[in-house]
Amino acid sequence: MLRGMYGAAAGMIAQQQRQEMLTNNIANVNTPGFKADQASLRSFPNMLIQAMGTQEMPAGQSRPIGTLTTGVYLQERMPNFRQGDMMETGNNTDIAILQGVMPATESGRPGALFFVVQNEAGEQRYSRNGNFTIDGQGFLTTSDGHYLLDTAGNPIQVDNEEFRVNEAGQIMTPAGAPIAQIDLAYADDPLQLVKEGSGLLRFEGEGELPTAIGNDELTYQLQQGFLERSNVDTARTMTEMMNAYRSFEANQRILQAYDQSMDKAVNEIGRIG
(Lines give C-alpha, C1' and ligand atoms only; values in the text may rest on other atoms or scores of the structure.)
Protein backbone atom coordinates (compact mmCIF):
# COMPACT_ATOMS: atom_id res chain seq x y z
CA MET A 1 0.00 0.00 0.00
CA LEU A 2 2.83 2.40 0.85
CA ARG A 3 4.28 1.87 -2.62
CA GLY A 4 1.14 3.38 -4.13
CA MET A 5 1.38 6.36 -1.80
CA TYR A 6 4.96 7.00 -2.88
CA GLY A 7 3.99 6.81 -6.55
CA ALA A 8 1.10 9.26 -6.12
CA ALA A 9 3.27 11.65 -4.11
CA ALA A 10 5.99 11.55 -6.79
CA GLY A 11 3.36 12.39 -9.42
CA MET A 12 2.15 15.36 -7.38
CA ILE A 13 5.69 16.72 -6.99
CA ALA A 14 6.40 16.34 -10.72
CA GLN A 15 3.17 18.11 -11.71
CA GLN A 16 3.79 20.90 -9.19
CA GLN A 17 7.25 21.53 -10.70
CA ARG A 18 5.74 21.47 -14.19
CA GLN A 19 3.05 23.96 -13.11
CA GLU A 20 5.71 26.30 -11.71
CA MET A 21 7.60 26.15 -15.02
CA LEU A 22 4.45 26.91 -17.06
CA THR A 23 3.55 29.76 -14.70
CA ASN A 24 7.00 31.28 -15.28
CA ASN A 25 6.43 31.01 -19.05
CA ILE A 26 3.11 32.88 -18.77
CA ALA A 27 4.68 35.52 -16.52
CA ASN A 28 7.28 36.25 -19.24
CA VAL A 29 4.92 36.30 -22.21
CA ASN A 30 5.69 40.01 -22.72
CA THR A 31 9.43 39.77 -22.00
CA PRO A 32 11.38 40.50 -25.22
CA GLY A 33 13.48 37.57 -26.41
CA PHE A 34 12.22 35.19 -23.69
CA LYS A 35 12.43 31.51 -24.62
CA ALA A 36 9.74 29.26 -23.18
CA ASP A 37 10.80 26.25 -21.11
CA GLN A 38 9.63 22.73 -21.87
CA ALA A 39 9.46 19.92 -19.31
CA SER A 40 10.60 16.35 -19.76
CA LEU A 41 8.86 13.86 -17.43
CA ARG A 42 10.40 10.44 -16.92
CA SER A 43 9.37 7.43 -14.88
CA PHE A 44 11.58 5.96 -12.19
CA PRO A 45 12.98 2.47 -12.96
CA ASN A 46 10.44 -0.35 -12.54
CA MET A 47 10.97 -3.00 -9.88
CA LEU A 48 10.27 -6.73 -10.18
CA ILE A 49 8.01 -8.05 -7.43
CA GLN A 50 8.50 -11.60 -6.22
CA ALA A 51 6.60 -13.51 -3.53
CA MET A 52 8.28 -13.64 -0.13
CA GLY A 53 9.54 -16.95 1.20
CA THR A 54 10.06 -18.55 -2.23
CA GLN A 55 13.85 -18.45 -2.24
CA GLU A 56 14.13 -22.09 -1.09
CA MET A 57 11.67 -23.45 -3.64
CA PRO A 58 13.04 -25.70 -6.40
CA ALA A 59 14.38 -23.98 -9.46
CA GLY A 60 11.70 -23.08 -11.94
CA GLN A 61 8.87 -23.04 -9.40
CA SER A 62 9.56 -19.55 -8.01
CA ARG A 63 7.59 -17.18 -10.21
CA PRO A 64 7.74 -13.38 -10.10
CA ILE A 65 4.48 -11.56 -9.41
CA GLY A 66 5.11 -8.76 -11.88
CA THR A 67 6.58 -5.29 -12.20
CA LEU A 68 5.95 -2.29 -9.98
CA THR A 69 6.17 1.29 -11.22
CA THR A 70 7.71 3.75 -8.78
CA GLY A 71 6.33 7.06 -10.03
CA VAL A 72 7.63 9.84 -12.26
CA TYR A 73 9.89 12.85 -11.89
CA LEU A 74 10.65 15.99 -13.85
CA GLN A 75 13.94 15.06 -15.49
CA GLU A 76 14.90 18.43 -17.00
CA ARG A 77 13.71 21.80 -18.22
CA MET A 78 14.73 22.66 -21.77
CA PRO A 79 14.31 26.12 -23.33
CA ASN A 80 12.72 26.28 -26.75
CA PHE A 81 14.98 28.53 -28.84
CA ARG A 82 12.50 28.97 -31.68
CA GLN A 83 12.51 32.45 -33.23
CA GLY A 84 9.91 34.79 -31.73
CA ASP A 85 7.75 37.21 -33.68
CA MET A 86 9.04 40.68 -34.52
CA MET A 87 7.44 43.78 -33.00
CA GLU A 88 8.18 47.26 -34.31
CA THR A 89 8.85 49.86 -31.60
CA GLY A 90 10.53 52.70 -33.48
CA ASN A 91 13.12 53.12 -30.70
CA ASN A 92 16.71 53.40 -31.91
CA THR A 93 17.98 51.47 -28.88
CA ASP A 94 15.78 48.43 -29.65
CA ILE A 95 17.57 45.82 -31.78
CA ALA A 96 16.26 42.43 -32.84
CA ILE A 97 18.06 39.40 -34.26
CA LEU A 98 16.30 37.94 -37.29
CA GLN A 99 17.79 34.50 -37.90
CA GLY A 100 17.94 32.86 -41.28
CA VAL A 101 18.59 29.19 -41.94
CA MET A 102 21.13 27.78 -39.49
CA PRO A 103 23.55 25.06 -40.73
CA ALA A 104 23.03 21.43 -39.75
CA THR A 105 24.76 20.42 -36.53
CA GLU A 106 25.86 17.16 -34.93
CA SER A 107 23.18 17.47 -32.26
CA GLY A 108 20.42 17.50 -34.87
CA ARG A 109 19.04 20.73 -33.40
CA PRO A 110 19.27 24.09 -35.19
CA GLY A 111 21.79 26.54 -33.81
CA ALA A 112 20.95 30.00 -32.49
CA LEU A 113 22.46 33.49 -32.35
CA PHE A 114 22.77 35.68 -29.25
CA PHE A 115 23.88 39.13 -28.20
CA VAL A 116 27.08 39.10 -26.13
CA VAL A 117 26.76 41.04 -22.87
CA GLN A 118 28.82 41.47 -19.72
CA ASN A 119 27.46 40.74 -16.25
CA GLU A 120 28.36 42.45 -12.97
CA ALA A 121 31.41 40.20 -12.49
CA GLY A 122 32.81 41.09 -15.93
CA GLU A 123 31.97 37.67 -17.40
CA GLN A 124 30.47 37.07 -20.81
CA ARG A 125 26.83 36.15 -20.94
CA TYR A 126 24.37 35.77 -23.81
CA SER A 127 20.89 37.16 -24.43
CA ARG A 128 18.15 37.47 -27.03
CA ASN A 129 16.60 40.48 -25.34
CA GLY A 130 17.37 43.46 -27.57
CA ASN A 131 15.59 46.01 -25.39
CA PHE A 132 18.70 48.13 -24.79
CA THR A 133 19.07 51.51 -23.17
CA ILE A 134 21.83 54.12 -22.79
CA ASP A 135 23.35 54.63 -19.34
CA GLY A 136 24.71 57.87 -17.89
CA GLN A 137 28.08 57.36 -19.56
CA GLY A 138 26.63 56.75 -23.02
CA PHE A 139 27.08 52.95 -23.10
CA LEU A 140 24.50 50.58 -24.57
CA THR A 141 23.23 48.33 -21.78
CA THR A 142 20.39 45.93 -21.07
CA SER A 143 17.52 47.09 -18.90
CA ASP A 144 19.42 45.63 -15.91
CA GLY A 145 22.62 47.55 -16.69
CA HIS A 146 24.64 44.81 -18.42
CA TYR A 147 26.95 46.15 -21.14
CA LEU A 148 26.44 45.15 -24.77
CA LEU A 149 29.83 44.08 -26.18
CA ASP A 150 31.50 44.57 -29.55
CA THR A 151 33.70 42.06 -31.39
CA ALA A 152 36.72 43.13 -29.31
CA GLY A 153 34.89 42.36 -26.08
CA ASN A 154 34.51 46.02 -25.12
CA PRO A 155 31.33 47.86 -24.06
CA ILE A 156 29.78 49.90 -26.87
CA GLN A 157 29.60 53.65 -26.28
CA VAL A 158 27.17 55.59 -28.49
CA ASP A 159 26.72 58.70 -26.27
CA ASN A 160 23.11 59.30 -27.40
CA GLU A 161 20.26 57.72 -29.35
CA GLU A 162 21.31 59.37 -32.62
CA PHE A 163 22.94 56.31 -34.16
CA ARG A 164 22.13 53.78 -36.86
CA VAL A 165 22.54 50.00 -36.97
CA ASN A 166 22.72 48.24 -40.33
CA GLU A 167 21.69 44.64 -41.03
CA ALA A 168 25.20 43.37 -40.36
CA GLY A 169 25.24 44.89 -36.87
CA GLN A 170 27.56 47.82 -37.57
CA ILE A 171 26.77 50.88 -35.46
CA MET A 172 27.30 54.24 -37.20
CA THR A 173 26.72 57.91 -36.59
CA PRO A 174 23.99 59.66 -38.62
CA ALA A 175 26.80 60.81 -40.95
CA GLY A 176 27.92 57.23 -41.55
CA ALA A 177 31.07 57.21 -39.41
CA PRO A 178 31.64 53.77 -37.83
CA ILE A 179 31.30 53.45 -34.05
CA ALA A 180 31.44 49.71 -33.32
CA GLN A 181 30.44 46.25 -34.53
CA ILE A 182 27.87 44.46 -32.38
CA ASP A 183 29.16 40.99 -31.52
CA LEU A 184 26.88 38.01 -32.03
CA ALA A 185 27.66 34.58 -30.59
CA TYR A 186 26.67 31.35 -32.31
CA ALA A 187 25.63 28.23 -30.38
CA ASP A 188 25.40 25.09 -32.49
CA ASP A 189 23.74 23.36 -29.51
CA PRO A 190 21.70 25.99 -27.64
CA LEU A 191 20.77 23.47 -24.93
CA GLN A 192 24.27 23.97 -23.52
CA LEU A 193 23.09 27.40 -22.38
CA VAL A 194 21.60 27.76 -18.90
CA LYS A 195 19.24 30.54 -17.82
CA GLU A 196 20.59 32.78 -15.07
CA GLY A 197 17.75 35.28 -14.79
CA SER A 198 17.40 38.86 -16.11
CA GLY A 199 17.37 37.42 -19.63
CA LEU A 200 20.99 36.19 -19.37
CA LEU A 201 22.27 32.78 -20.48
CA ARG A 202 25.46 31.04 -19.33
CA PHE A 203 27.42 28.67 -21.58
CA GLU A 204 28.11 25.34 -19.90
CA GLY A 205 30.68 24.14 -22.44
CA GLU A 206 34.41 24.82 -22.60
CA GLY A 207 35.53 28.41 -23.20
CA GLU A 208 33.14 30.88 -24.81
CA LEU A 209 30.78 30.65 -27.76
CA PRO A 210 32.36 31.49 -31.14
CA THR A 211 31.45 34.73 -32.84
CA ALA A 212 29.03 34.71 -35.77
CA ILE A 213 30.66 37.76 -37.36
CA GLY A 214 32.43 36.71 -40.55
CA ASN A 215 30.88 33.22 -40.63
CA ASP A 216 29.51 32.88 -44.16
CA GLU A 217 27.48 29.77 -43.23
CA LEU A 218 25.19 31.84 -41.01
CA THR A 219 22.46 34.07 -42.37
CA TYR A 220 20.93 36.75 -40.17
CA GLN A 221 19.88 40.38 -39.99
CA LEU A 222 19.82 42.90 -37.17
CA GLN A 223 16.71 45.08 -37.22
CA GLN A 224 16.93 48.46 -35.47
CA GLY A 225 13.67 49.73 -34.03
CA PHE A 226 12.32 46.20 -33.57
CA LEU A 227 12.11 43.73 -30.69
CA GLU A 228 11.85 39.97 -30.75
CA ARG A 229 8.77 38.96 -28.80
CA SER A 230 8.62 36.04 -26.40
CA ASN A 231 8.00 32.71 -28.14
CA VAL A 232 5.52 31.60 -25.45
CA ASP A 233 2.34 30.18 -27.00
CA THR A 234 -0.25 31.50 -24.54
CA ALA A 235 -3.14 29.25 -25.58
CA ARG A 236 -1.02 26.10 -25.55
CA THR A 237 0.59 27.02 -22.23
CA MET A 238 -2.80 27.61 -20.58
CA THR A 239 -3.98 24.20 -21.83
CA GLU A 240 -0.86 22.52 -20.44
CA MET A 241 -1.40 24.29 -17.11
CA MET A 242 -4.93 22.87 -16.90
CA ASN A 243 -3.63 19.38 -17.73
CA ALA A 244 -0.95 19.65 -15.04
CA TYR A 245 -3.54 20.85 -12.52
CA ARG A 246 -5.89 17.94 -13.30
CA SER A 247 -3.04 15.43 -13.08
CA PHE A 248 -2.06 16.89 -9.71
CA GLU A 249 -5.66 16.58 -8.49
CA ALA A 250 -5.90 12.96 -9.69
CA ASN A 251 -2.75 12.02 -7.78
CA GLN A 252 -4.06 13.93 -4.76
CA ARG A 253 -7.29 11.90 -4.74
CA ILE A 254 -5.30 8.67 -4.97
CA LEU A 255 -3.17 9.76 -2.03
CA GLN A 256 -6.29 10.61 -0.01
CA ALA A 257 -7.77 7.17 -0.76
CA TYR A 258 -4.58 5.48 0.47
CA ASP A 259 -4.65 7.66 3.57
CA GLN A 260 -8.22 6.63 4.35
CA SER A 261 -7.32 2.96 3.85
CA MET A 262 -4.36 3.29 6.18
CA ASP A 263 -6.59 5.00 8.75
CA LYS A 264 -9.03 2.09 8.70
CA ALA A 265 -6.20 -0.46 8.87
CA VAL A 266 -4.74 1.20 11.95
CA ASN A 267 -7.89 2.18 13.83
CA GLU A 268 -10.36 -0.55 12.86
CA ILE A 269 -8.73 -3.68 11.49
CA GLY A 270 -5.83 -3.52 13.93
CA ARG A 271 -8.03 -2.84 16.96
CA ILE A 272 -7.47 -5.28 19.86
CA GLY A 273 -10.40 -6.56 21.96
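Hey, what's the chain come to in accessible area per residue, 1.4 Å probe, Å²? Intermediate values should be presented prior to the final figure.
Values: 15860 Å² over 273 residues.
Roughly 58 Å² per residue, with all protein chains present.
Choose one answer from Asn131, Asn231, Asn91: the residue with the largest mean-square fluctuation in a GNM of the chain with alpha-carbon springs under 10 Å. Looking only at Asn131, Asn231, Asn91, the biggest GNM fluctuation is shown by Asn91. Please build a GNM for the chain, connecting alpha carbons under 10 Å apart, and tell me which residue among Ala96, Ala175, Ala212 fluctuates the most. With Cα springs under 10 Å in the chain, the top fluctuation among Ala96, Ala175, Ala212 is at Ala175.
Net charge in the neighbourhood of Gln157 (other residues with Cβ under 11 Å of its Cβ; Lys, Arg +1, Asp, Glu -1) is -3. Each listed q (0.12, 0.15, 0.17 Å⁻¹) maps to a log10 I(q)/I(0) for the chain from the Debye sum over equal C-alpha point scatterers, namely -0.82, -1.10, -1.30. The share of accessible area on the chain that comes from carbon and sulfur is 49 percent, using a 1.4 angstrom probe. Largest GNM mean-square fluctuation across Leu113, Leu227, Leu41, computed for the chain with C-alpha springs under 10 Å, falls on Leu41. Treating the angle as unsigned and between 0 and 90°, give the value, to the nearest 10°, between the Cα long axis of helix 234-264 and the longest Cα principal axis of the chain. Tilt relative to the chain: about 20 degrees.
Mean sequence separation of contacting Cα pairs (under 8 Å, at least six apart), scaled by the length of the chain, corresponds to a relative contact order of 27 percent.
Note on the chain: helix-only mean residue ellipticity at 222 nm, from DSSP H runs of 4+ residues weighted -39500 (n - 2.57) and normalised by residue number, equals -7500 deg cm²/dmol.
Three principal axis extents describe the C-alpha atoms of segment 108-150; from largest down they are 44, 21, 17 Å.
The values are calculated or read from the model by the stated rules, or taken from the named source; none is laboratory data. Model, not experiment: these values are computed from the prediction. Because the Cβ atoms are built from the backbone with ideal geometry, glycine has one as well, and the counts that use them run over all protein chains shown. Heads up: the accessible areas ignore ligands, DNA and RNA and are worked out on the full protein's heavy atoms, side chains in. Shrake-Rupley method; radii C 1.70, N 1.55, O 1.52, S 1.80 Å.
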